[in-house]
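The values are calculated or read from the model by the stated rules, or taken from the named source; none is laboratory data. Quick caveat, the model's predicted, so the values are computed rather than measured. Glycine also receives a Cβ, built like all others from the backbone with ideal geometry; neighbour counts cover every protein chain displayed. Heads up: the accessible areas ignore ligands, DNA and RNA and are worked out on the full protein's heavy atoms, side chains in. Shrake-Rupley method; radii C 1.70, N 1.55, O 1.52, S 1.80 Å.
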Amino acid sequence: MKQTKDATLYAIHSPERISIYRSGQEEPIAVQQAAAHTRPFIHPITGPDGIGTLTENAPSHHPWQHGLYVGLNKVNGVGFWEEGLRGNATDGSFHPKPLEVPWTEGNKARWQVETEWHSPDGETMLIEKQEWSLEDLGSGYHLDLVWTLHAQTDIVFGQHSYGGLFLRMPFRREEGGEAVNDSGQANRDAEAQPARWVAVSMPIEERDDWSGIALMDHPGNPEHPVRWRVDGELGIAPSRCISGDWRIAQGQSAAYRHRAFVFIGRTNAERVQESWNQFAGGEGR
């Protein structure tokens, strides 16, 4: 395994895993997973003060969900969501390339993940690239993503109630939690509603307070502000597919920008909006 260090952040790297550490902290603040022939995902994401895990991997209610990840449904009729765990013969598969050594300097880190999306018969339908950058703010993190899909054949993405960049946190109904969007709509009232951002916060094991993560849709993305999935366990996703079909022609690409803002405490809408304004390049309401 290769290790690179600097004054603030350092990375421990292998072809299937990148762990980002803050100097002087034993646990990583974020881990990129990319095992061969499996869906890439980020888990765990640790609380900004080093306490508690804010993401959940393979919960019993949705075992195909993995922290912070990407998936889509009805891709030329092929599913890239449930990973074949329900025995669906139309499910495709993910094939990430070995991870390259990430870049770190000061309070920032960057890495990328390139993955082939295969149909059930082994055809490469899409080449997906995730370009991640992490900025450690001390009291929070920014995890910015440029997500690019390159079509190997003409692709139609069918209308569906969820898909795209998805966040799964460790929601426990008896403990409570809240998802709220930039219009103040909460929980299932935010389901399928257009929004610039949606933030989820909840009690976290090992913490005596709440913590949360806000996902953001960049104003340069198609159909911004996009509609959002907000499910019964407070899983969230900016989902272009909610509004209807969309397409990428063979040889063409589509790129999207998103941010995950990791914070301590309940959602502070003013602070999340400030982060979105900065992400959007100063474009407010």
With 0.36 nm assigned to each residue of separation and the Cα-Cα distance removed, Asp49 to Arg110 gains 19.9 nm
Regression test value, accessible area per residue of segment 1-103, probe 1.4 Å, units Å², expected 43
Note, segment 160-171: 3J(HN,Hα) by Karplus (6.51, -1.76, 1.60, θ = phi - 60°), whole Hz, Gly/Pro = x, goes 7, 7, 7, x, x, 6, 10, 10, 10, 9, x, 5
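For segment 144-243, what is Rg from Cα atoms divided by 2.2 N^0.38 Å, rounded to two decimals?
Numbers: Rg = 14.6 Å, N = 100, 2.2 N^0.38 = 12.7 Å.
In units of the 2.2 N^0.38 Å rule of thumb, it is 1.15.
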With label points set 7 Å from each Cα along the Cα-to-Cβ direction at Asp189 and Lys97, the distance between them in nm comes to 4.7
Checking Asn73, Asn181, Asn221 against a Gaussian network model of the chain (alpha-carbon springs below 10 Å), the top fluctuating residue turns out to be Asn221
Cross-link reach from Lys74 to aspartates and glutamates, straight Cα distance under 17 Å and at least 8 residues apart if same chain, gives Glu82, Glu83, Asp91, Glu116, Asp121, Glu123, Glu128, Asp154, Asp245
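Net charge within 10 Å of Glu233 by Cβ-Cβ distance, Lys/Arg positive one each and Asp/Glu negative one each, not counting Glu233 itself? Mind showing how you got there, number by number?
Working: positive: Arg168, Arg172, Arg173; negative: Glu56, Asp231.
Once positives and negatives cancel, what remains is +1.
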Karplus ³J(HN,Hα) for segment 138-146 (6.51 cos²θ - 1.76 cosθ + 1.60, θ = phi - 60°; Hz, whole; x = Gly/Pro) runs x, 8, x, 10, 10, 10, 9, 10, 10
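Would you mind telling me the share, in percent, of accessible area of the chain contributed by carbon and sulfur at probe 1.4 angstrom? Mind dumping the intermediate values first?
On the way: 5310 of 11940 Å².
Result for the chain: 45 percent of the exposed heavy-atom area is carbon or sulfur.
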Listed by chain and number, the aspartates and glutamates with an alpha carbon less than 19 angstrom from that of Lys108, same-chain partners under 8 positions apart left out, are Asp6, Glu26, Glu27, Asp49, Glu100, Glu131, Glu135, Asp136, Asp144
Comparing Glu27, Glu114, Glu270 in a Gaussian network model of the chain (Cα, 10 Å), the one with the largest mean-square fluctuation is Glu270
Note, segment 76-85: 3J(HN,Hα) by Karplus (6.51, -1.76, 1.60, θ = phi - 60°), whole Hz, Gly/Pro = x, goes 6, x, 9, x, 10, 9, 8, 6, x, 6
Amide H contacts under 5 Å for Gly265, restricted to residues at least 5 apart in sequence or on another chain and with H modeled in the peptide plane, are Trp210, Ser211, Gly212
With 0.36 nm assigned to each residue of separation and the Cα-Cα distance removed, Ala255 to Glu27 gains 78.8 nm
Between the modelled labels at Asn268 and Asn88 (7 Å from Cα along Cα→Cβ) the distance in nm is 4.0
Candidates Gln33, Gln112, Gln252; GNM for the chain (alpha-carbon contacts under 10 Å) flags as most fluctuating Gln252
